[in-house]
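Everything below concerns the one structure shown next.
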C-alpha cells in the first residue's frame, strides 16, 4: 500500500507536468500531420475533396512539369545554402572570437532586424532594387549603366531574398560550434608548425562540421517551401515546391495533391534529420529535442 502510494505520489506531478505538453503536441502537431497524410490519399472532383482512397496523388508527383519545379527548387535551395555558409562562417567565427561586449553587439545586430516581419523587409528590398530604386539610381548617377537594369524578378533576386531571410539559421549553429572549440587543439597545431590555413582546414573546419550541417538542414528545407520569397523577389517567375503546394490549395483547389506534395517535403526533412543524427549530430541544435 505504501509502495503504491509512493508511485502515485511521483506519477501525478509528472503527468501534471507532461500532459499539457503532450496534449499541445497531439492537437497542434500530430493531428494536423495525420490529417494531411490522410488527405494525401483522397481524390478530388475538381471542386471538393472526395473521400475515395487512391495512390494517384503520389503518382502525379512524377509529372514532368513538376520535375522542372523540383529541379529549380533544389538549385535555389543548394545555392542559398552555399551562400549562407560562405557568408555566415566568417561572421560566426569573428563573433565567437570577439570579446563579450563585441559579441553581444554582433548578436544584437544579427537578431534585431528579424524582429520585423519578413514580408515587410522583403518589400523594402523591392524598393531598393526596383528600376527606380536606390541601386539603379546610384549606378545611373555613377555612369556605370546607361539605363535601369532588371534586378528584381530574377533567380538572383530570389537567392538574395532567401539568403537575407535565412542566414541567421546558419550563423547561430556555426557560432555555437565555433564557440565550443577546444583552443588547446589550435595552439597544438600552431606549435607543430601548421599555419593558419592548415589549422583551419584540418582542425577548425572538421570540428565545426556539425554546425555547418545543422545550419544547412535549417536552410535547405525552408528554401524549398518559402513561396512568399519567390512571389515577392521573383514575381512568381521562379516557381518553388512551396509555390506548387500553395497553388494546389488555392488556385487549383486540389487539396489531396497539395497534401501529397507536403508529405514529400516532410519525408525529405525526416531523411535529412536521420542522416544528421546518424552522423552524430546533436538534435538539440535542430530544435528537434
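Only the coordinates and a few stated rules stand behind these numbers; no lab work does. Everything numeric in this text was worked out from a predicted model, so none of it was measured. Every residue, glycine among them, receives a Cβ derived from its backbone with ideal geometry; neighbour counts consider all protein chains shown.
Over its Cα atoms, what ratio of radius of gyration to 2.2 N^0.38 Å does the chain give?
1.27
Run the quick spin-label model on residue 34 and residue 140: label points 7 Å from Cα toward the beta carbon, then report their separation in nm to one decimal.
If labels sit at residue 34 and residue 140, their model points lie 6.0 nm apart.
Between 209, 41, 53, where does the largest GNM mean-square fluctuation fall for the chain, given springs only between Cα atoms within less than 10 Å?
53
Please work out the C-alpha center-to-center distance from segment 15-74 to segment 166-193 and express it in whole Å.
40
Between residue 59 and residue 155, what is the FRET efficiency for a Förster distance of 41 Å, r being their Cβ-Cβ separation, to the nearest 0.05?
0.90
So how do 62-70, 142-150 stack up, highest first, on mean other-Cβ count within 10 Å?
Going by the mean number of other Cβ atoms within 10 Å, highest first, we get 62-70, 142-150.
What number, rounded to the nearest 500 deg cm²/dmol, is the helix-based mean residue ellipticity at 222 nm of the chain, given -39500 (n - 2.57) per DSSP H run of at least four residues and division by all its residues?
Counting only the DSSP helices, I get -22000 deg cm²/dmol.
So for the pair residue 200, residue 21, with labels modelled 7 Å out along Cα→Cβ, what separation do we get in nm?
Roughly 4.0 nm, to one decimal.
In percent, what relative contact order does the chain have, based on Cα pairs under 8 Å that are 6 or more apart in sequence?
27
How many percent of the alpha carbon pairs in segment 232-276 exceed a separation of 15 Å?
Here the long-distance tail beyond 15 Å is 52 percent of all Cα pairs in segment 232-276.
Given points 7 Å out from each Cα along the Cα-Cβ axis, report the residue 82 to residue 181 separation in nanometres with one decimal.
2.4
For segment 85-122 and segment 254-273, what is the centre-to-centre distance using only Cα atoms, to the nearest Å?
Between the Cα centres of segment 85-122 and segment 254-273 lies a distance of 32 Å.
Please report, in cubic angstrom per residue, the volume enclosed by the convex hull of the alpha-carbon atoms of segment 120-250.
Convex hull of Cα atoms, per residue: 150 Å³.
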